[in-house]
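K.L.:
Structure incoming, see below.
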Amino acid sequence: MTEWIDWLRQYAFEGGMGGLFLLSIVDSAGVPTGGGPDIVIALLASLHPNAPYAMGLVIAAIIGSVIGCSMLYWAGLRGGEAGARRFAPNAVSRARISLERHGAWVVFLAMLAPPPIPTKLFVLCAGVAAVPTLRFLIATIAGRAIRYDAGAVLALRYGPRALDMLRDGSTTLP
């Protein structure tokens, strides 16, 4: 599986903005890439350190992520109970209870969370719990915008050292 993830990230990196867009769809639709879009944004933004390019990367990743998340969300709306079975029953139950209680806020927080938080679980369960589509989309866009923008800003500010921070999960700035 690690070889697949490495190949996918490399493809996205070499594909630039278009590769990042496709990686974001795949990642958000349920194929684990280990934070692939975050890493590709940081790599490309640090190699091409100008704000308009970094903003384009963020927008491409957000749009791709919204498409991928929407696919998973709609699968949940259309009978995702079966799809939710691939997750631990306790996790599904807790996610559904949280979504029924707090709605799209749970989706927003899941979009901000770094790997290995199971974002896909919350997206699928948002469909199962019938979180209103517009609220789901707004939460997804807002959460991904903050997360991806933070990676781009770090890359612009700290260059390749920002990637080390993302990779190591370090909270200490270089």
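K.L.:
Could you tell me the accessible area of Thr33 in Å² (1.4 Å probe, neighbours in place), rounded to the nearest ten?
P.N.:
0 Å²
K.L.:
For the chain, max minus min Cα coordinate along each principal axis, in Å, sorted largest first?
P.N.:
On the principal axes, the chain reaches 43, 30, 27 Å in Cα extent.
K.L.:
How much net charge surrounds Leu121 when only the other residues with a Cβ under 11 Å from the Cβ of Leu121 are counted, with Lys and Arg +1 and Asp and Glu -1? Walk me through the numbers before you get to the answer.
P.N.:
Working: positive: Arg86, Arg94, Arg96, Lys120; negative: none.
Neighbourhood net charge equals +4.
K.L.:
Which value, in debye to the nearest 20, describes the size of the charge dipole of the chain about its Cα centre when Lys and Arg Cβ atoms bear +1, Asp and Glu Cβ atoms bear -1, and nothing else is charged?
P.N.:
Values: 14 positive and 10 negative charges, 108 e Å.
It comes to approximately 520 debye.
K.L.:
Could you work out [θ]222 nm for the chain from helices alone, using -39500 (n - 2.57) per DSSP H run of at least four and dividing by all its residues? Round to the nearest 500 deg cm²/dmol.
P.N.:
-25500 deg cm²/dmol
K.L.:
Could you work out how much longer the chain between Ile63 and Gln10 gets when fully extended? Use 0.36 nm per residue separation minus the Cα distance between them, nm to one decimal. Spell out each step's value before the answer.
P.N.:
Numbers: separation 53, 0.36 × 53 = 19.08 nm, distance 2.00 nm.
My answer for the length gained is 17.1 nm.
K.L.:
Can you pull the one-decimal nm distance between simple spin-label points at Arg94 and Leu112, each 7 Å off the Cα toward Cβ?
P.N.:
Between Arg94 and Leu112, the label points sit 1.8 nm apart.
K.L.:
Once both axes come from the Cα atoms, what is the angle between helix 36-47 and the longest principal axis of the chain, in degrees from 0 to 90, rounded to 10?
P.N.:
Once rounded, one gets 20 degrees.
The values are calculated or read from the model by the stated rules, or taken from the named source; none is laboratory data. None of these values were measured; they are calculated from a predicted model. Quick reminder, even Gly has a Cβ in these numbers, built from the backbone with ideal geometry, and neighbours come from all protein chains shown. What goes into the accessible areas is simple: the full protein's heavy atoms, side chains included, and nothing from ligands, DNA or RNA. Shrake-Rupley method; radii C 1.70, N 1.55, O 1.52, S 1.80 Å.
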